[in-house]
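K.L.:
Handing you a structure now.
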Amino acid sequence: MRDYLVFYVNGEECRVSGADVFQPLSSYLRYQKGQTGTKIVCEEGDCGACSILLGRADNGKITYKAINSCIQYLYQIDRCHIVSIEGLKNDGELNPVQEAMVKCHGAQCGFCTPGFVVTMCGYFDEQKKADPQSIKDCLTGNLCRCTGYEPIIKAGMNVDPEAIIPLAKLYPAGEMLRCFEQAGKESVQIKSEEQTVFIPANLEDALKFKAANPDAIVVSGGTDLSVIMNKRSYEPSSIMSLCNVEGLDGIKSTNGIVNVGARVTLSQLEEFFKERVPEFHNILWVFGSPQIRNAGTLAGNIANASPIADTPPFLFIMDALLELRSSKGTRQVRINEFYKGYKKFDLQKDELITSIVIPMPKKDELIKLYKVSRRKHLDISTNTAAFRLSMKGNQIENIAIAYGGVAATILRLPKTEEFLTGKELTVSNIEAAAEIAVSEISPIDDVRGSKAFRNQLARNLMMKLYFDLSEGRLAACPQ
Ligand SMILES: Cc1cc2nc3c(=O)[nH]c(=O)nc-3n(C[C@H](O)[C@H](O)[C@H](O)COP(=O)(O)OP(=O)(O)OC[C@H]3O[C@@H](n4cnc5c(N)ncnc54)[C@H](O)[C@@H]3O)c2cc1C
Ligand code: FES
Ligand code: FES
């Protein structure tokens, strides 16, 4: 068993053990590596000032993604290569993104600037195009309080992507990959006086550890848990980080059934569903920010059990199954029966979610998903709604409806579904259905909206479905 972490920072191997592993990566970079270009501002994944590029081994190469280092603890980055702003210069000179930021006046106080540069460098490492929409999309997780976004977007547009040295060339992967492969052969256990972290190399070790330590807190992307650690001084005594578990990071599609491994990130999912179910892709596109989606997982979104989580409404209407495993065996639970109350769900202490099984929409089925939030990007929902239906002419043959933000858990609306089945798609039928929907929900007042507002949203979302269907904007989802 290894008792230290091994990772690289800007091409240099680092080994860390003991209490030091229980800190956010941003703190490690600033206070232990002296790399103060990485800024810490919100410490909750909202501003992007702490963005770094996280490289993971991926089929014989290293693939880099921008993430928020303030909500990534060191025990999540074993066998990774971290590239911070200091590691992006070219032979001591500014790189083309930095040059463009200077030329286009993309910085004032400069506090947000390293985050913007890192994120854009990550984008150009993958994409060789600079159009305004793509630049805006890649920067939705970076906030600037003084410059305004125009000069920054202009800077992105002024970059010649071909002039950027690819990270694979800047940091040849060979030695790192050999080191990661060797290090991946054994599980890791590291202790401080107060905390222990276990990083299993495989699922078998993970399940054994969970059986022996049922109260251990499972950390996947950490985008929910690390915020609580940073903001509420939450210090679980026993942690299990899934970052090295093999076999949970793939998406498989067979005969109209998609199997999503528990370590699959929301970005991977967004890419996978782009052509297959564009409605779900669109919901993922407005989920947090690219940095959040590059770290967060579907399994984490489900197990966090928030009634305003963005992915479960789609899973509810598709009647997805959760595969739950313990050292005793495997069982499958319908997501529609998983939640038992606010943050309560059918997962035993020795179990892990290992995959999510999603039946794809049939050719004649329409899917419509809605998220109501104050801002389009980087905001959590007030209400969500998901509809799956098949039509015969103007008659609704079958319909499944799930609403979020209207009760302690996400809800299916069986009475509304029953009422609408076999009915003509008319304003009066939809208005009547909206009232039944309101009778099935029990929203509360909170910072995101009052009970009355949420009830009205529940009605309005039903009407929006009607108008979207009537205008014929929907096409059946291609499989
Ligand atoms: C800035 C910001 C923006 C966000 N925006 C959104 C948004 O738009 N929509 C939205 O829905 N959410 C949002 N979130 C919440 C969060 O990103 C998601 O819930 C994400 O999917 C969590 O996944 P994770 O892997 O990071 O979970 P983690 O933080 O690692 O874990 C979350 C919970 O799941 C449990 N868990 C994780 N994996 C497993 C497993 N395999 N088996 C059993 N239990 C497991 C953990 O123990 C923990 O209780 C946002 C968060 C932040 C910080
Ligand atoms: S400091 Fe704001 S996202 Fe990390
Ligand atoms: S330049 Fe000051 S916050 Fe962006």
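The values are calculated or read from the model by the stated rules, or taken from the named source; none is laboratory data. Since the structure is predicted, the reported quantities are computational estimates derived from the model, not experimental observations. Don't worry about glycine lacking a Cβ; one is built from the backbone with ideal geometry, like all the others, and counts go over all protein chains shown.
K.L.:
For the range 382-392, does any single residue satisfy the condition of being more than 16 Å from ligand 1 (Cβ to nearest atom), in a strand (DSSP E or B), more than 20 Å from Pro278 (Cβ to Cβ) and touching a residue at least 24 places away in the same chain (Cβ under 8 Å)?
P.N.:
no
K.L.:
Consider the range 53-75. How many of its residues are within 13 Å of ligand 2 (Cβ to nearest atom) and farther than 24 Å from Ile239 by Cα?
P.N.:
Selection size over the range 53-75: 1.
K.L.:
Follow-up. Restricting to the range 41-64, and then to whatever is surrounded by fewer than 19 Cβ atoms within 10 Å (Cβ to Cβ) and touching a residue at least 24 places away in the same chain (Cβ under 8 Å), can you tell me which residue is nearest to ligand 1 (Cβ to nearest atom)?
P.N.:
Glu44
K.L.:
Could you list, in sequence order, the residues of the range 112-134 that are part of a loop (DSSP other than H, G, I, E, B) and modelled with pLDDT under 95?
P.N.:
Passing the criteria: Gln127, Lys128, Lys129, Ala130, Asp131.
K.L.:
Would a scan of the range 199-208 turn up a residue that is within 16 Å of ligand 3 (Cβ to nearest atom), out of contact with any strand residue (DSSP E or B) (no Cβ under 8 Å at 6 or more places or on another chain) and not assigned by TED's automatic domain parsing to the domain that holds Leu352?
P.N.:
Checked the range 199-208: no residue is within 16 Å of ligand 3 (Cβ to nearest atom), out of contact with any strand residue (DSSP E or B) (no Cβ under 8 Å at 6 or more places or on another chain) and not assigned by TED's automatic domain parsing to the domain that holds Leu352.
K.L.:
Can you tell me which residue in the range 84-97 is surrounded by the fewest Cβ atoms within 10 Å (Cβ to Cβ), limited to those that are among the aliphatic types (A, V, I, L, M) and more than 16 Å from ligand 2 (Cβ to nearest atom)?
P.N.:
Leu94
K.L.:
Any idea how many residues of the range 26-51 are over 18 Å from Met229 (Cβ atoms), more than 10 Å from ligand 2 (Cβ to nearest atom) and either among the hydroxyl-bearing types (Ser, Thr, Tyr) or part of a strand (DSSP E or B) (or both)?
P.N.:
Residues flagged as over 18 Å from Met229 (Cβ atoms), more than 10 Å from ligand 2 (Cβ to nearest atom) and either among the hydroxyl-bearing types (Ser, Thr, Tyr) or part of a strand (DSSP E or B) (or both) within the range 26-51 amount to 1.
K.L.:
I need the full set of residues from the range 276-303 which are farther than 28 Å from Ala206 by Cα and either of a type in the set (Ser, Thr, Tyr) or modelled with pLDDT under 95 (or both), in order please.
P.N.:
Ser289
K.L.:
With a cut-off of at least 2 residues that are within 16 Å of ligand 2 (Cβ to nearest atom) and out of contact with any Asp or Glu (no Cβ under 8 Å at 6 or more places or on another chain), name the helices (runs of 4 or more DSSP H) lying wholly within the range 135-225.
P.N.:
Passing ranges: none, list empty.
K.L.:
So, in the range 314-350, exactly how many residues are touching a strand residue (DSSP E or B) at 6+ places or on another chain (Cβ under 9 Å) and on the phi > 0 side of the Ramachandran plot?
P.N.:
1
K.L.:
Further question on the same structure: Does Asp78 satisfy the criteria of being more than 6 Å from ligand 2 (Cβ to nearest atom), among the acidic types (Asp, Glu) and buried (at least 20 other Cβ atoms within 10 Å of the Cβ)?
P.N.:
yes
K.L.:
Further, regarding this structure: From the list Gly115, Gly106, which one is within 16 Å of ligand 2 (Cβ to nearest atom) and either free of Cβ contacts under 8 Å to residues at least 24 places away in the same chain or outside the structural domain of Tyr28 (by TED's automatic domain parsing) (or both)?
P.N.:
Among Gly115, Gly106, only Gly115 is within 16 Å of ligand 2 (Cβ to nearest atom) and either free of Cβ contacts under 8 Å to residues at least 24 places away in the same chain or outside the structural domain of Tyr28 (by TED's automatic domain parsing) (or both).
K.L.:
Within the bounds of the range 230-252, is there any residue that is touching a residue at least 12 places away in the same chain (Cβ under 8 Å), within 16 Å of ligand 2 (Cβ to nearest atom) and outside the structural domain of Gln332 (by TED's automatic domain parsing)?
P.N.:
Checked the range 230-252: at least one residue is touching a residue at least 12 places away in the same chain (Cβ under 8 Å), within 16 Å of ligand 2 (Cβ to nearest atom) and outside the structural domain of Gln332 (by TED's automatic domain parsing).
K.L.:
For the range 11-40, which residues satisfy the criterion of being in contact (Cβ under 8 Å) with a residue 60 or more places away in the chain and more than 22 Å from Cys138 (Cα to Cα)?
P.N.:
Those that are in contact (Cβ under 8 Å) with a residue 60 or more places away in the chain and more than 22 Å from Cys138 (Cα to Cα): Gly11, Glu13, Ser17, Gly18, Ala19, Val21, Phe22, Pro24.
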